[in-house]
Each structure stands twice: as C-alpha cells, then as structure tokens.
Amino acid sequence: MSIPSVSRRNFLRVSMIAGGGMLVGFSALSNSETADAEATPFSPNAYIKISPDGKITLMSPNPEIGQGVKTSLVMLIAEEMNVDWQTIEVEIAPLDAKYGSQTTGGSGAIRSRYMPLRQAGATAKAMLVAAAADTWGVAVADCSAENGFVIHKATGKKLSYGGLATKAAGMPVPSNVPLKDPKDFKIIGTRIKDVDAKAIVTGKPLFGIDTRREGMLFAVVARPPAHGKKLQSFDDSAALKVNGVKKVVQVKNSVAVLATSTWAAMKGRTALKITWEDASKLESTTDHDKAFRELLSKSAATPNRNDGDVEAAMTSATKVLDVMYEVPVLSHAQMEPLNFYADVRDGKAELYGPTQVPQNLVTTVAKELNIPVANVSLGLPRQGGGFGRKLRPDNGVEAALISQAAQCPVQVQWTREDDMQNDFYRPSGMFRFKAAIKDGNLEAWHQSFASLSNGRSPDTYPAGAVKNLKIESHSLPTNIPTGPWRAPTHNVQAFANECFMDEVATELKKDPVAFRLELLKKAKEQPVGKLAYDPDKFISVIELVAKMCNWGITPANTYRGFSTWFSFNSYVAQVVEIQMLKGKPRITKVYCAVHCGKVVNVSGAENQVQGAVVDGLGHAVYTKLTFNNGAAVQTNFGPYNFVRMRNTPLDVVVQFVPSEENPTGLGEPGLPPVAPALANALFAATGKRFRKMPFVDEIQFA
C-alpha cells in the first residue's frame, strides 16, 4: 500500500475553540470507496480537541462496526502526542467533509491512516511544545512532552496541554515534524481495551437500534416476498385498525406501516392485504447448481491467467486429479438487525444509523429526495456488525423515503426475516480443479470457477509457483442481489484452493507444510509470470505456525489440518486441531500465525483474528442459505444455523510475526484459511474429503 504524500501545511487545519482551546483538524487527501476492497483506499484524516481545562478529545473518523477502530485509530494520534491514555476521551466523528472518506471496509482503516494520524499527533505536539517554549522564552530543543505536559528540562517547569492549547492554536503549523522511532512507542504495540467495553457490557445505548427521538414513529416494511416479484396493489384498511398504527405509506416497491411501537407496526404489516406479481424469473438454488456444472464443463472465452501449457501437461501426466468444490450463498446476519432513523422535512434530512458508507448514503439520499447534499446530515452510532452488508446504503435511503412520505421522523426496524430475505448475499459457486502429476511432481494446475458473481483474483497463490497454470471463471446472470461478505472472494477461494492443495500433497505423499514451503521456494527463486505476493512473508507465517503447534508431533487422539492464505496485504497460516468423540469431530484448538506489519493494538488485533476464526469455522460447518422460487428458505437463526458457544474452539492461539513495517489489513485475513484447515483436519481424522460447505450436511459435530 502506498501512503499519499502530503504537505503538513495543507494537511492540518488549526483553529481556536470558542472560549479558548485548540482544535486540530485535517483536510481530506483523497476520497474513494469500494465494496470489494483488496486495495481499498481510505482517505486519512482525524480530529483533535484540547480544551483549556485540559480535556483532550480524539475523534475516530471511521464507523465502528466491531473491528476496534474507535480505539486503535486514536492510539496512533495519542502515541505521537505523548498524552496519558487514561485521560483522553474518544468519540466517533459525525459525517463531515473535513474527515475525508469515512468508509469502513476492506480491512483498510488502520493501513490507510497509520502514517497520517501519527503525523497529525506529532504536529499537534510540536505546536504545543513551541507554545511552551515561547511562554518561557527558551529554545524548543530544551523542552520535551510527556503525559499531556510540556516540560522545560533544565528547570523542571511544566505546562499542561490544556494550559497551552489556546496559545498553541495561534502558532505556525510546522512542517517536516519527525515521527517517533518505533522503539520509543509507549501506546502503539501495547494492549488497550476497547474504549466502549464498559458501555457495551452494561447495556448503554450505543447503537442505532437504541435511537429514540421526540415524535418518532416506528416502521416495518412489507417488501417483495421473493426476488423477481414486484408490488401490484395493496389494501391497508385492516392495518389501520390495529391499535397503535398511525400511517401506511407506499415507497417504490414496498409498503411501510408506521406505529407507536415496533410490535404494533409488525401487527399492522401482517394485516396488510398485498398482491405481488412476477416481474422476472423466480430463481432456485437447484437451478443455480445445475447451471454452474454446465458452465464448468466448458472453457472460458478468455482465461484470467494462463502460464505455460496446461493442456500439454495434462496430456503427458501419469495421473490427473479432477475434483469439484462447492460453496453456498451466505447472509451477513449481523447481530444488530438493520435499522435507521430519518427525519425528512422542509427540504432537509436528518439521518442517524448504521452504515459503512456514510458519504455514499448521503449523496444517494440527496439524489432520491432531490435536495442538496448540504441539506442532509448524518450521525454515526457504533454498529452491531457489518461484514460488508452495510457497504450498501439501502437501509438509510429507505428510511429517508419513508420519512418523506409520512412527513414525520421515523425509525425503520428490520426483522431478522426482513434482513435475510433482502440481503446482498455472499454468492454461491463451484470450483473445478485439475492437477497434472508426473514423476512425483506437480506439473500443472487448472482451476475453473463458476459463480453468481465473477469477482476473484487470478494471481493468488499458487500462481507464480507452478510452471503450467490456468485460471478461468464464469459468471451466472441472476436477479439474486450479491455483495461483499467478509473477505470477499478470498473466503471461497481459500477454501477450494487450500483443500485441493492438500489433496495434491497427499497424492505426492508429501507433508502439507513442507509442500507449501517447497512451492514458495520455487516462486521466490524462479517465479512464473506475475508474482502478487511475497514468498518470504508467506514462509514466515508457515514456519511460525509449525513452530507454535510443534508440527510433526501430533498429540494422541488429535487430528490436524493446515492452511495458509494471503489477503488484504496480510499473510496468515493456521492449524486446526480436532478430536473424535464417539465418531463426531470436536474442534479443540486453532493456531494462527499472522504477518500484518506493525500491530497497533495487540488486544484488538488478537480479537480480530480470533473472531475471524470463529466466524469462519461457524460458516464452514453450519451455515447456508438457499432459494426456492426466488425466496430465501432460511430466514432466521433456527434454519440458518450459526455456530453456538459450545461448538467454538476451546482455544485459539494467535502470534504475530514481529515487524516494523506499516500495518496491513487484519479484520478479514484471519477468516479465509480456517475453513480449509478444518476440512484438511477432517480428512486426517476420517479419510474423507469435505469439498462442500457446510460440512454439517455430511458429518455431525460434537
């Protein structure tokens, strides 16, 4: 990742707070956002307020969706400012152009803001030191900063940041302020608990779903019951007789019932009489699967990548492995169901709710309401999960349209069933792999992918390590809406690739860890075509995880599976251990080695990897969503079977490869390799290959 160069004079905006104090803002450097975010660029910016009474408030500009950025982003500023962490206050910034792009996604917040926020903190500190030196009439070089105070070394005199804030705000903004040497870090690289931890466990109203405003009505929406249906007509006479129901409004292809409580709105929705009509094909999962197989029987018009001569290698091989892997549709199913507050009146819109794309939401609302963007305000609460679902702004736009139609403030509440029927799903797909084996070597790798979307990287490992390699993909047209789901494309590609890699290693009678190292050594010494990864970093995590679990010496009644993957510029290797209890596998331990550059918050980083492991295992074992006649079959946590606490690993051990390089992504990279590591452990235990998720369709877990 490249960090855009920036002049500190253009970067920083310093002003006085009314009544005194210092306010340091940051101008936007660039703005863009993307849903599938391998190289998602995030615009670096932040915000500091220092009051004369010494209160220091640091604003975290990216939405917090559980990934810990509300804590870790401000750690970057606090480190360079030399403030006492225990004395600062942290707030999620509202949407404002001075923060630049505030999109959250693609594991990009820390990696894009690492240097700019450190520069911001260092520059603010320099101005405070300059203010103190001027006050004392001494040289800046004779002063230092520590724990929110500037100290004159020779006399021991000291002034607080609060006492200096007003004067510092009038000081020139310095350029070329040096940053700390990492060996001097006191905050970065330590363990800092989440700044909202206490509020979360004590039930404080932090989330969008907690929103309550004067005059607000609650709304639930009747949307098409299947993809491919549209609204023909409705009768709301019975709904309006339900106690508490105040209004019924039509918004595009749906009908909203507004009431004094969510329960009354739900009862009113049930009382609606709606006629839906077919607008396009009503698709089913069985139709998708049949179409995938037909696509995989053909060659793509243009390969995504084609190294060497795969066809010749297949012809001359002594054995060709030819297998299929399948992955289902998944819902995001965030713990906090979708919701949004909107008050649209008098040509203005006030919005408050969970979104990963605040700028996109505001511009879309302005366009839909035909009002200026400047007339739309948006507040950002902490969010109960995202996983990519809120990279679509539809929930906020819908709330704004309902408020406009009803002419009152409204909170639109989605039920779990609403959420799962109207998601932008992780697309299903099938892989076909062929490997040519000759003289005990892997001579060729042929991979073909058919899916409801066509997103994938043709340069993913083992590309570059195999002399004959072809990658092909097919996209199946569909009216089922798809979108990014945690570690988009990687979450399916890693499963298929790393399971098949294990199959090849078994066929070659090679240790799966040694086989990966052998391939990476080839990629390093004699790369074939484009090499999109660093073999040495790959090797570092593989060797670390092998050391962590003492690979090669397996405990009694324990079976292990290994996997590795590169995504969002980070490298992860994992070993999953299972035990067989009365013929049923129990996941006992997962080892994770991670190379993600400099770790900012050790506690938060471990939580990210451990959470990704549990998330990935749960979806590999239990979860799928299917369609019948355009409707989601699984619409709640009964049939859409999430992992339960009793089924999670007993232990998830995480170690990071020491590094002083700038941080890379971490929210997502821990997920992709865990499903194949589990599948490979299941093979070690049962001798059966698990090529289709969820695994519970083929084996019951203890």
**Asked** On the accessible surface of the range 361-440, probed at 1.4 Å, how many percent belong to carbon and sulfur atoms?
**Response** 51
**Message:** What does the C-alpha gyration tensor say about the overall shape of the range 344-443? Classify as rounded when a/c is under 1.5, otherwise prolate if a/b is larger than b/c, or oblate.
**Reply:** prolate
**Message:** Taking amide H atoms as placed 1.01 Å from N in the peptide plane, list the residues 5 or more away in sequence, or in a different chain, whose amide H sits under 5 Å from that of Val251.
**Reply:** Ala256
**Request:** Skip the ligands, DNA and RNA, and give the accessible area per residue of the range 264-417 with a 1.4 Å probe, whole Å².
**Result:** 41
**Request:** Against the globular-protein guess of 2.2 N^0.38 Å, express the Cα radius of gyration of the range 606-659 as a ratio, rounded to two decimals.
**Result:** 1.52
**Item:** In order through the range 343-355: 3J(HN,Hα) via Karplus (6.51 cos²θ - 1.76 cosθ + 1.60), integer Hz, x for Gly, Pro
**Value:** 9, 10, 8, 6, x, 10, 9, 10, 10, 7, x, x, 7
**Asked** For Lys510, which aspartates and glutamates qualify as cross-link partners when the Cα separation must be under 13 Å and same-chain residues fewer than eight apart are set aside?
**Response** Asp502, Glu518
**Message:** Cross-link candidates for Lys186: which aspartates and glutamates have Cα within less than 12 Å, leaving aside residues fewer than 8 places away along the same chain?
**Reply:** Glu79, Glu80, Asp84, Glu146
**Item:** Value in Å of the Kirkwood radius, where the chain supplies the Cα pairs that are averaged
**Value:** 27.4
**Request:** Counting only heavy atoms of the protein chains, get the accessible area per residue of the range 436-516 (1.4 Å probe) and round it to a whole Å² value.
**Result:** 26
**Fill in**
With the 1.4 Å probe rolled over protein heavy atoms, the range 90-142 has an accessible area per residue in Å² of 26
**Item:** Cut-off under 5 Å, modelled amide H: who pairs with Val657 long-range
**Value:** Val594, His595, Cys596
**Longest exposed-site-free window of the chain, the sites being GluC sites (Glu not before Pro) in a DSSP loop that have at most 16 other C-beta atoms within 10 Å** = 215-659
**Message:** Please report the carbon-and-sulfur percent of the accessible area for the range 497-627; probe 1.4 Å, protein heavy atoms only, DNA, RNA and ligands left out.
**Reply:** 50
**Request:** Write down, largest first, the equivalent ellipsoid semi-axes of the range 529-641 in whole Å, where each equals the square root of 5 times an eigenvalue of the alpha-carbon gyration tensor.
**Result:** 29, 22, 14
**Prompt:** So what are the ³J(HN,Hα) numbers for the range 415-429, from phi and the Karplus equation (6.51, -1.76, 1.60; θ = phi - 60°), rounded to whole Hz, Gly and Pro as x?
**Reply:** 7, 4, 5, 4, 4, 6, 7, 10, 7, 10, 6, 5, x, 7, x
**Request:** Provide Rg and Dmax in Å for the range 508-566, with only Cα atoms included in the calculation.
**Result:** 13.0, 43
**Relative contact order (percent, whole number), the chain, Cα cutoff 8 Å, 6+ residue spacing** = 14
**Request:** Please list, or write none, the aspartates and glutamates whose alpha carbon is within less than 14 Å of the alpha carbon of Lys167, excluding same-chain residues fewer than 8 places away.
**Result:** Asp53, Asp134
**Item:** 12 Å cut-off, amide nitrogen to a point 7 angstrom out along Val696 Cα→Cβ, residues in the range 608-634
**Value:** 618-625
**Fill in**
With a ≥ b ≥ c from the Cα gyration tensor eigenvalues, square-rooted, and the rule rounded for a/c under 1.5, otherwise prolate when a/b > b/c and oblate otherwise, the range 266-365 is prolate
**Prompt:** Which trypsin sites (Lys or Arg not before Pro) from the range 497-602 combine a DSSP loop assignment with at most 13 other Cβ atoms within 10 Å?
**Reply:** Lys509, Lys530, Lys582
**Prompt:** Which one of Ala463, Pro481, Val397 has its Cα pushed farthest toward the positive end of the charge dipole of the chain, where Lys and Arg give +1 and Asp and Glu give -1 at the Cβ?
**Reply:** Val397
**Request:** Tell me the trypsin sites (Lys or Arg not before Pro) within the range 613-677 that lie in a loop according to DSSP and have at most 14 other beta-carbon atoms within 10 Å.
**Result:** Arg644
**Asked** Dipole size in debye (nearest 20) for the range 217-304 around its Cα centre, Lys and Arg Cβ +1, Asp and Glu Cβ -1?
**Response** 320
**Message:** Taking the Cα of Gln526, stepping 7 Å toward and past its beta carbon, and measuring to each backbone N in the range 303-331: which are under 15 Å?
**Reply:** 308-309
**Built amide H within the under 5 Å cut-off of Arg305, gap 5+** = Ile471
**Prompt:** Of all trypsin sites (Lys or Arg not before Pro) in the range 280-370, which ones are in loop regions per DSSP and have a Cβ with at most 13 other Cβ atoms within 10 Å?
**Reply:** Lys298
**Prompt:** Roughly how many debye, to the nearest 20, is the charge dipole of the chain about its Cα centre, given +1 on each Lys and Arg Cβ, -1 on each Asp and Glu Cβ, and no other charges?
**Reply:** 680
**Request:** Would you calculate, for the chain, the mean residue ellipticity at 222 nm contributed by helices, counting each DSSP H stretch of 4 or more residues as -39,500 (n - 2.57) and dividing by all residues, to the nearest 500?
**Result:** -9000 deg cm²/dmol
**Prompt:** Dividing the Cα convex hull volume of the range 605-699 by residue count, how many Å³ per residue is that?
**Reply:** 141
**Item:** Flagged links, alpha-carbon separation over 18 Å, of Lys319/Lys438; Lys193/Lys390; Lys204/Lys267; Lys547/Lys589; Lys70/Lys198; Lys247/Lys273
**Value:** Lys193/Lys390; Lys204/Lys267
**Prompt:** Shape of the range 165-248 from its Cα gyration tensor (a ≥ b ≥ c, root eigenvalues): rounded if a/c is under 1.5, otherwise prolate when a/b > b/c, or oblate?
**Reply:** prolate
**the range 211-303 - percent relative contact order, Cα under 8 Å, separation 6 or more** = 33
**Positive-end extreme of charge dipole, the chain - chosen from Phe568, His595, Gly667 (charges on Cβ)** = Gly667
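The values are calculated or read from the model by the stated rules, or taken from the named source; none is laboratory data. Treat the numbers as computed from the prediction; the structure is a model and nothing was measured. Cβ sites come from the backbone with ideal geometry, for glycine too, and all protein chains shown count toward neighbours. These accessible areas exclude ligands, DNA and RNA; they are computed on the full protein's heavy atoms, side chains included. Shrake-Rupley method; radii C 1.70, N 1.55, O 1.52, S 1.80 Å.
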